[in-house]
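Undergrad: I have a structure I would like to understand better, so I am pasting it below and will then ask my questions one at a time.
The values are calculated or read from the model by the stated rules, or taken from the named source; none is laboratory data. Worth saying up front: this structure is predicted, and the values here are computed from it rather than measured. Note that each Cβ is placed from the backbone with ideal geometry, even for glycine, and that neighbours are counted across all protein chains shown.
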Amino acid sequence: MSIRLLASLTRPAALAVALLLAACSRDPAPAVGAAASSAGAGTLTVESPWLRATPPGAAMGAGYAQLRNNGDRPLRITAISSPLAESAMLHSMSMDGGVMKMRDIDVLEVPAHGSVSLAPGGTHLMLMGLHQGLQTGSSGEIRFTLDNGQSLSVTFPVRDAAP
């Protein structure tokens, strides 16, 4: 969270955000994921994050999680990034004439008081140009950027299959 945004919050809100950030920074892999406050719009929470392990030499990887918004307005994820790969993006999968197609998602909206599932066979995150394979038992950081400029970094553990 930027200092400028933190300074614009009321004192109780700034204290709540500071406590939330401190709690998230102490545990690199919190049980329910991580959360970012969006002033006036609620909180984006990333729950049950995981990356699928890749075979040696793989150039791409996939990640999954449950995204929740407890606010009264939609939250929009406009970008994702990770030090694990050259680029990261959101994709959707759908059947088209009996053929599975994958499409980039420029903006992913998490509805007010709702959730979006990033799951195998559906909407998910892709890591392109992996710097090294994703090995079971390791973990990596994924950063979500919201349309209001806020960002949220979440530690994603690597697993062989869905937990």
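Undergrad: Given the conditions (1) surrounded by 14 or more Cβ atoms within 10 Å (Cβ to Cβ); (2) outside any strand (DSSP E or B); (3) modelled with pLDDT of 95 or more, and given that Val154 satisfies all but one, which numbered condition is not satisfied?
TA: Result: Val154 passes all but (2).
Undergrad: Would you confirm whether or not the stretch 84-97 contains a residue that is polar (S, T, N, Q), surrounded by fewer than 18 Cβ atoms within 10 Å (Cβ to Cβ), without any contact (Cβ under 8 Å) to a residue 40 or more places away in the chain and part of a strand (DSSP E or B)?
TA: yes
Undergrad: Write out, first by first residue and then by second, each pair whose Cβ atoms fall under 6 Å of each other, whose residues are 6+ apart or on separate chains, and whose first residue, in the stretch 133-162, is over 30 Å from Arg73 (Cα atoms) while the second is of a type in the set (Ser, Thr, Tyr) and at pLDDT 95 or above.
TA: Hits for this filter: Gly133/Thr54; Leu134/Thr54; Ser139/Thr155; Val158/Thr136; Val158/Ser138; Asp160/Thr136.
Undergrad: When you scan the stretch 72-119, how many residues do you find that are closer than 19 Å to Ser151 by Cβ and of a type in the set (D, E, K, R)?
TA: To start, the set of residues in the stretch 72-119 that are closer than 19 Å to Ser151 by Cβ comprises 73-90, 105-110, 116, 118.
Filter once more, so that each one left must be of a type in the set (D, E, K, R): 73, 76, 86, 106, 109.
Qualifying residue count for the region: 5.
Undergrad: Still on this model: Go over the candidates Gly133, Gly71, Gly129 one by one and state the one that is within 16 Å of Leu51 (Cβ to Cβ), part of a loop (DSSP other than H, G, I, E, B) and out of contact with any Lys or Arg (no Cβ under 7 Å at 6 or more places or on another chain).
TA: Gly133
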